[in-house]
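The values are calculated or read from the model by the stated rules, or taken from the named source; none is laboratory data. The structure presented is a predicted model; accordingly, all values stated were derived computationally and were not measured. Don't worry about glycine lacking a Cβ; one is built from the backbone with ideal geometry, like all the others, and counts go over all protein chains shown.
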Amino acid sequence: MLEIKDLKVSYYGKGKPTTAVDGVCLKINEGEVLALVGASACGKTTVALSVARLISSYDGIISNGNILFKGKDIMQFSHKKLRDLRGKEISYIFQEPASSLNPVFTIGEQITELLLTHTKISKHEAKTKAKEALSLAQLSDTERIFNSYPHQLSGGMKQRAMIAMAIALKPKLLIADEPTTALDVTVQAKIVELLKNLKNKLGLSILFITHDLNLVSVIADRVIEMERGRIKGTVSNPKGKAYLKNGTFSSLGSETVSINQGLETVSTNNLTKHFAAASGFFNREKDTIKAVDGVNISIKAGETLGIVGETGSGKTTLAKLLAGLYKPTAGEILYGNKKDFLKKDIQMVFQNPYNSLDPKMKIKDTLKEGLIIHNIVKPSRMKEKLNELMDMVQLPQKSLNKYPREFSGGERQRIALARALSTEPKLIILDEPVSSLDTSIQDKILNLLTNLQRKMNLSYIFISHDILVVKAISNRVAVMHQGKVIEQGPTQQVCDNPQDPYTKELMEAAVYGK
Amino acid sequence: MRKKRVSTLTIFGAIVVGSLTIVAIFAPHIAPHDPTEINITDALLSPSSEHIFGTDQLGRDVFSRMVYGARISLTIGFVAVGIAIFIGLIIGSIAGYYGGKIDSILMRFVDIMLCFPSFFLILTLIALLEPNIMIIMIVIGVTGWMGTARLIRAEILSLKEREFIQASRVLGASDARIIIKHLIPNGIGPVMVNAILGIAAAILIESGLSFLGIGVQPPTPSWGNILIEGKATLGVCWWLMVFPGLAIFITVLGYNLLGEGLRESL
């Protein structure tokens, strides 16, 4: 079906061209699912974009190699032939469904337009075919979805709509570039299931690109691993060779499994936060969204409480309540046994390291902020303290004079952690602190967190949708669903022997494919 | 990834703005004559090697007057816009940061200010006050801050939800600190572009005021009042109107081109 021979791709950005892919050879047979795995920046996506020569829109140039599709060399194709190839024979699904759909057209209009451009059928036929595609993508309420705009659909539904669009023209090859990464775990499993069904029904070949090896084992016939632009080899048994080195992860928390003594750093009593939301355009009556609904949790000194749940379950709202960014609608937060708290005692690390540092401030000024506000050190000792903070998070001291843009995601997250540590807090709330990082870097950050906790007897609230990570670092776990804590207890108990049906579903989805 | 290219028009704008600034700073070294020196015997001389832009009714060197006039025009432009930005930043950032009622009240005030045709508002104010450079700069500034306020408010509305702002709030930073240290430095880009366009507008307003006789008062030279002095002798002495007119035209064009170019590259 598809054969790539000795592919070399370079990017021409500013300055010197960089080679992203060098000497990649691979082959996909008819009806086969080939998975391409590897850490980010290893060249997976570049290979995917090269297949239909989309790479030229990203300043990339295929400098060497052949791409044979059904025996014909795509490198020799004219622009018109390429356009026919894209969509009709080869179609793509990308990571972020929200940005791949046009927000000003309905889903139906977008699929119909695609059909009309590539085939000579009437508008009526195109509509029928579009609806067929939607039902193939298992969007049950076809009529409603057809007339919906992208923002009216959930992330999972958007991705299904993208899949419907990708298969509408009955292509032979589907290239799925991290199609589930932006979705919740329970939804991920369903999307992968859908792709598997479609493959069987339509006889598709799929090039499936991901960094999540658990998904791969469910869908792929063969797995190829890439590293630094080259093929590293074939992975025969992806289950055993996970990037998420589960061994490393789970050893982190295991030593400190039971901390029952010690003071309670923070506890909540029936904590509730409601948001007002208009329910419709013509309906002026206000609905309330119960983002956090009567939550009781407590954290002891030196302990990590993991909070898991899907998007919209209220995890982040809870975090912001505890950090004092929101005022509770009802209920209370107790700090030790006092109601009022010192801002410096609770700090927070945010999910997106690209968003949580002021881009116009040097690192030293970012770190100084808390020190100045709370008068933590004398001005004469400032420099010493800044160096100390950099040492704590294992960054070179000379980086203090740099701006955030000069750092990678993992390094930025270390800086964010240093900022949180600057006020010498008792509790740090970590809101998805590693979910936007590569798994290999996740590991290092988690190790750093555990070491710091031991050294300074810190408490953590660790929020994540990634159960494996939470399992690795937490002493206790609380599961949130629709604003409520539906189950909490020691990590082992909640993860291995969940009582609540929703928790069961969540845990099963997390270990999907094992 | 699209490459950002600086257009030739932007470069032209930058050259105009740059050379004008140099002229204004080094006016005493560039002007061949004293701009206020009266020499009746040399009145209304046409351009020559001695007086390259000719002389006016009182025999003053037009070129020298224009070089000093550049100083006045640019000073008025910069200071007036500085005042406008200062007021605009305060009102806009308070409105954007606090939102709700405060935002509604301040923004309605902005709307009301924008309803007045600003040139006539300035005319009225100057007519009531004494027309000197200080008053002109203040009046232009006080009537020109609304654009800045709207821009910085819009920037702050989107910036204040960003995580680094929440991070500083968790650190315990005060509102003033968040606005001054984080929000304004990150949202100032569009305001600066607007400021460059504003300088052009201020220069134009000052020329208009001087032309109407209520701007910069003689003998202090400004492009506007050189222009009005030429009006009486327009049929005979073309140089008295053409050179200051061209200077205003090119300056305003230069600032506008530079401003537009920067807006596109932002």
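Among the residues of the range A:424-444, those that are surrounded by 22 or more Cβ atoms within 10 Å (Cβ to Cβ) and either away from chain B (no Cβ under 14 Å) or not in a strand (DSSP E or B) (or both) comprise A:Pro425, A:Lys426, A:Pro433, A:Val434, A:Gln442.
For the range A:384-396, a residue qualifies if it is part of a loop (DSSP other than H, G, I, E, B) and closer than 16 Å to A:Ile428 by Cβ, and exactly one does: A:Val393. Scanning the range A:50-89 for residues that are at positive phi and not basic (Lys, Arg), we see that the one that is nearest to the other protein chains (Cβ to nearest Cβ) is A:Asp59.
Screening A:Glu132, A:Glu96, A:Glu113, A:Glu125 for residues that are within 25 Å of A:Lys44 (Cβ to Cβ) and not small (Gly, Ala, Ser) leaves exactly one candidate, A:Glu96. Check whether at least one residue in the range A:8-16 is buried (at least 22 other Cβ atoms within 10 Å of the Cβ) and closer than 27 Å to A:Thr439 by Cα, and report yes or no. Looking for residues that are buried (at least 22 other Cβ atoms within 10 Å of the Cβ) and closer than 27 Å to A:Thr439 by Cα, one finds at least one in the range A:8-16, hence yes.
Restricting A:Glu369, A:Glu303 to residues that are within 11 Å of another protein chain (Cβ to nearest Cβ) and either farther than 13 Å from B:Val170 by Cβ or over 26 Å from the mean Cα position of the chain (by Cα) (or both) narrows the list to A:Glu369. If you check B:Gly172, B:Gly187, B:Gly224 for being over 19 Å from A:Thr366 (Cα atoms) and either in contact with a His (Cβ under 8 Å, 6 or more places away or on another chain) or not charged (D, E, K, R) (or both), only one passes: B:Gly224.
All of (1) more than 30 Å from B:Leu125 (Cα to Cα); (2) within 14 Å of another protein chain (Cβ to nearest Cβ) hold for B:Glu260 with one exception: (2). Limited to the range A:342-365, what total is found for residues that are within 23 Å of the chain's Cα centre (by Cα) and more than 8 Å from every other protein chain (Cβ to nearest Cβ)? Number satisfying all stated conditions: 3.
A:Glu30 passes every criterion in (1) over 26 Å from A:Ile441 (Cβ atoms); (2) part of a loop (DSSP other than H, G, I, E, B); (3) at pLDDT below 85 apart from (3). Exactly one residue among A:Arg412, A:Arg419, A:Arg405, A:Arg381 is assigned to a helix (DSSP H, G or I), touching a residue at least 40 places away in the same chain (Cβ under 8 Å) and surrounded by fewer than 21 Cβ atoms within 10 Å (Cβ to Cβ), and that residue is A:Arg405.
Give me a count of the residues in the range B:7-59 that are in contact (Cβ under 8 Å) with a residue 60 or more places away in the chain, assigned to a loop (DSSP other than H, G, I, E, B), touching a helix residue (DSSP H, G or I) at 6+ places or on another chain (Cβ under 7 Å) and not charged (D, E, K, R). Residues meeting the conditions: 7. B:Val81 meets all of the listed conditions (1) within 30 Å of B:His182 (Cβ to Cβ); (2) among the aliphatic types (A, V, I, L, M); (3) assigned to a loop (DSSP other than H, G, I, E, B) but one, namely (3). When the range B:106-164 is limited to residues that are surrounded by fewer than 15 Cβ atoms within 10 Å (Cβ to Cβ) and of a type in the set (Ser, Thr, Tyr), the one that is nearest to B:Ser93 (Cα to Cα) turns out to be B:Ser158. So which of A:Arg476, A:Arg454 is in the same structural domain as A:Gln351 (by TED's automatic domain parsing) and in contact with a Leu (Cβ under 8 Å, 6 or more places away or on another chain)? Just one listed residue meets the conditions, A:Arg476.
Of the helices (runs of 4 or more DSSP H) lying entirely inside the range A:66-174, those containing at least 1 residues that are touching a residue at least 60 places away in the same chain (Cβ under 8 Å) and buried (at least 17 other Cβ atoms within 10 Å of the Cβ) span A:79-88, A:97-100, A:123-136, A:155-167. Within the range B:162-186, being of a type outside the set (S, T, N, Q), farther than 19 Å from A:Lys344 by Cα and facing chain A (nearest Cβ under 10 Å) holds for B:Arg162, B:Lys181, B:His182, B:Leu183, B:Ile184, B:Pro185. Before we move on, is A:Ser63 part of a helix (DSSP H, G or I) and of a type in the set (Gly, Ala, Ser)? Against the criterion (part of a helix (DSSP H, G or I) and of a type in the set (Gly, Ala, Ser)), A:Ser63 does not qualify.
The residues in the range A:273-299 that are surrounded by fewer than 19 Cβ atoms within 10 Å (Cβ to Cβ) and modelled with pLDDT of 85 or more can be counted, and the count is 4.
Could we say that A:Glu89 is under 24 Å from A:Ser205 (Cβ atoms) and either modelled with pLDDT of 85 or more or in the same structural domain as A:Leu68 (by TED's automatic domain parsing) (or both) here? Here the answer is yes, as A:Glu89 does meet what is asked. In this structure, is A:Val192 in a helix (DSSP H, G or I) and either of a type outside the set (Gly, Ala, Ser) or in contact (Cβ under 8 Å) with a residue 12 or more places away in the chain (or both)? Yes: the conditions hold for A:Val192. Tallying residues that are among the aliphatic types (A, V, I, L, M), within 14 Å of chain B (Cβ to nearest Cβ) and closer than 27 Å to A:Gly336 by Cβ within the range A:372-423 yields 9. The number of residues in the range B:188-226 that are assigned to a helix (DSSP H, G or I) and either under 30 Å from B:Leu125 (Cβ atoms) or away from every other protein chain (no Cβ under 14 Å) (or both) comes to 27.
Restricting attention to the range A:450-472, does a residue exist that is within 30 Å of A:Glu508 (Cβ to Cβ), charged (D, E, K, R) and touching a helix residue (DSSP H, G or I) at 6+ places or on another chain (Cβ under 7 Å)? Within the range A:450-472 (the criterion being within 30 Å of A:Glu508 (Cβ to Cβ), charged (D, E, K, R) and touching a helix residue (DSSP H, G or I) at 6+ places or on another chain (Cβ under 7 Å)), the answer is yes, since at least one residue qualifies.
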